[in-house]
Amino acid sequence: MPAPLIVLTVAGQVVASNDPARPAVRADCQPLSLTRNYDEPAEMRIGLDGWQPAAFAAESVATLEINAALVFEGLLTLPTSDASIGDVMTVYVARDRLAIHRPALSPEGYTSWEIPAGTLGSAVAALIAGAGDALDEMGISQTPLFMADCDDLPTLPVKVENVGIDEAVRRVAAAAPGVRAFCDPNGGTPALFFCPIFNAPPVTLTVEQEVIESLRIERSLEGCAGAVRMAARQASGGSAFVVEAGTLAAAWDPSLTSRWTVDDYLTFANDGVERPESLVFRRWSFAGLPSGVPPSDAEIICQAQVRVASGLTQWRDLEIAEVDLENRIVLTREPIVAGVRQNTPTRRVGRSPGRATAGIVRMKYRRKSSGSVTVPGPRFPASGFAGRAYDEAPTLMGFEASVEVPDGVDQAAYAAAAHAVLSEPVVRGQVGLSYLLPDDLYRLRRRISIASTTHNPSGYEDLAAPLMGVEWDARGATLMLDLSTARTLPGGA
């Protein structure tokens, strides 16, 4: 396998190279290491023989190319003299442009503000609206890059409180499910890159071909649970509080669903009683809700899930026709069917027999407290335990994890999203390679699997673990990859 062509430049000059077409202007310089992950700015270390503290000016642009592809671009800091790695060496460190500190200001100039819930694209646009001038100063493009259309992913609200742009970018990315961000060299025009790490393109490393020197992969139940419950909230005396009761179950005759059409809506028998067909998609039961029967003085609220954009939904309040607390039944004014767009009456769908399916309806109730009370949070699942971690270790995973809900977030939806994160075992690993990988992997945004052509199956052919970090040791000619399937809670850092 031919050695990769490596070119290191500082201030536009080639200072180290093994590419005959691009000779170096000096013979005493070498790249020492490159580190990149999603948690901090990328860093490259450069070594010069002897004492040379004035060889390169601070803030000079340093770049690293592998096989003509730009894998790093950043600015030099002040040098360090180091005699601990053999002969005396002057070490220069370059960091990518997110290491340049600038406050993340709102468009109005505030240092503490909040980006509302929406999509990743709208959240990034809001951040750039206030940080545009600062990004220009940092040398980062105001045009962000999104992989796999992740700008359409829904986001939770993002609090930006006295932090720099680097931290604000990571918070905005974390507000969308499974998204991380970093500063991509982007061919010489550094840009913010947002990557849905669990949808990134897959890459398979073959043991015999990639010369894997070390491999450590572990499966863990650390941080997992079979159920989650949102942390209880306190409501003071006389204040109104809302309890998230949960999702309602169908309570109509299921045999009528296959022939139901919207024409059956609000039809009556000769005695003036609504026909059973009229109750399809309207009669809902709250008998199985973990919060129990709402108090008689509570204001009951029902909501249906509606589409507002591709892959994005929200809850719409419903008009309630009748509530039967004794039998735990609620009757909505209109039939609630799946796939309805926002502001579209449900009576406009289901014109063909058997085409309509039940929508998702949830219940809340609002009441006033006479004193300080504890408001229970919703649980997912409503009862029992579920998930792969529980299936594999039911004794260890048969407990509830308590989860704090971000302000302004739907508690029931967050409980389901949190369970999806905490119910899966985590796979973590480190892979040590003895040669340089293709240039794309130095910019992360890939998922890694491991295969073998001469040994038994590795068991990791379908691992597809996101590549969370790379560390290249140029002097030792080794490359370490960090892999992890761990997911963060929605809105988590």
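Conditions tested, residue by residue: (1) at pLDDT 90 or above; (2) closer than 30 Å to P457 by Cα.
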| site | (1), (2) |
| --- | --- |
| A191 | yes, no |
| P196 | yes, yes |
| E218 | yes, yes |
| R233 | no, no |
| V242 | no, no |
| A245 | no, no |
| A251 | yes, no |
| S255 | yes, no |
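D49: surrounded by fewer than 18 Cβ atoms within 10 Å (Cβ to Cβ) and under 19 Å from Q13 (Cβ atoms), yes or no? The answer is yes for D49.
T204 is checked against (1) in contact with a Ser or Thr (Cβ under 7 Å, 6 or more places away or on another chain); (2) in a strand (DSSP E or B); (3) within 28 Å of V403 (Cβ to Cβ); (4) not small (G, A, S) and fails just one. What number does that condition carry? All conditions pass for T204, except number (3).
Could you go through the stretch 159-168 and let me know if any residue there is outside any loop (DSSP other than H, G, I, E, B) and farther than 24 Å from S112 by Cα. No, the stretch 159-168 has no match at all.
Looking at the stretch 47-64, is at least one residue within 20 Å of M480 (Cα to Cα), among the hydroxyl-bearing types (S, T, Y), in contact (Cβ under 8 Å) with a residue 24 or more places away in the chain and part of a strand (DSSP E or B)? Within the stretch 47-64 (the criterion being within 20 Å of M480 (Cα to Cα), among the hydroxyl-bearing types (S, T, Y), in contact (Cβ under 8 Å) with a residue 24 or more places away in the chain and part of a strand (DSSP E or B)), the answer is no, since none of the residues qualifies.
In the stretch 140-156, the residues that are at positive phi reach residues that are assigned to a loop (DSSP other than H, G, I, E, B) and surrounded by 15 or more Cβ atoms within 10 Å (Cβ to Cβ) with C-beta atoms within less than 8 angstrom, at least six apart or across chains, in these pairs: A148/A200. One residue stands out among those in the stretch 132-158 that are of a type in the set (V, I, T) and in a loop (DSSP other than H, G, I, E, B): the one that is farthest from G74 (Cα to Cα), which is T143. A200 meets each of the listed conditions (1) touching a strand residue (DSSP E or B) at 6+ places or on another chain (Cβ under 6 Å); (2) modelled with pLDDT of 85 or more; (3) over 28 Å from V431 (Cβ atoms) apart from (3). Restricting attention to the stretch 398-436, the residues that are among the charged types (D, E, K, R), surrounded by fewer than 17 Cβ atoms within 10 Å (Cβ to Cβ) and either modelled with pLDDT under 90 or touching a helix residue (DSSP H, G or I) at 6+ places or on another chain (Cβ under 8 Å) (or both) total 3.
Given the criteria loosely packed, with under 13 Cβ neighbours inside 10 Å, out of contact with any Asp or Glu (no Cβ under 6 Å at 6 or more places or on another chain), modelled with pLDDT of 85 or more and in a loop (DSSP other than H, G, I, E, B), does N343 qualify? No, not satisfied. Considering the stretch 367-386, and only residues there that are modelled with pLDDT under 80 and either closer than 19 Å to Q305 by Cα or not hydroxyl-bearing (S, T, Y) (or both), the residue that is surrounded by the fewest Cβ atoms within 10 Å (Cβ to Cβ) turns out to be G371. Provide a single number: the residues in the stretch 62-90 that are aliphatic (A, V, I, L, M), under 32 Å from the mean Cα position of the chain (by Cα) and crowded, with 17+ Cβ neighbours inside 10 Å. Going through the stretch 62-90 one residue at a time, the tally reaches 7. Take the residues in the stretch 175-201 that are free of Cβ contacts under 8 Å to residues at least 60 places away in the same chain and part of a loop (DSSP other than H, G, I, E, B); name whichever of them is nearest to the chain's Cα centre (by Cα). Selected residue: A176. For the stretch 91-125, the set of residues classified as crowded, with 19+ Cβ neighbours inside 10 Å, over 13 Å from V158 (Cβ atoms) and either modelled with pLDDT under 95 or of a type in the set (A, V, I, L, M, F, W, C) (or both) consists of V93, A94, L98, A99, I100, L105, listed by residue number.
Quick grid of which residues meet (1) over 19 Å from T357 (Cα atoms); (2) touching a Leu at 6+ places or on another chain (Cβ under 9 Å); (3) at pLDDT below 85:
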| position | (1), (2), (3) |
| --- | --- |
| V293 | yes, yes, yes |
| S296 | yes, yes, yes |
| A304 | no, yes, no |
| R307 | no, no, yes |
| G311 | no, yes, yes |
| Q314 | no, no, yes |
| L318 | no, no, no |
| L325 | yes, no, no |
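The values are calculated or read from the model by the stated rules, or taken from the named source; none is laboratory data. A quick note: this is a predicted structure, and the numbers were derived from the prediction, not measured. Cβ atoms come from the backbone with ideal geometry, glycine included; neighbour counts cover every protein chain shown.
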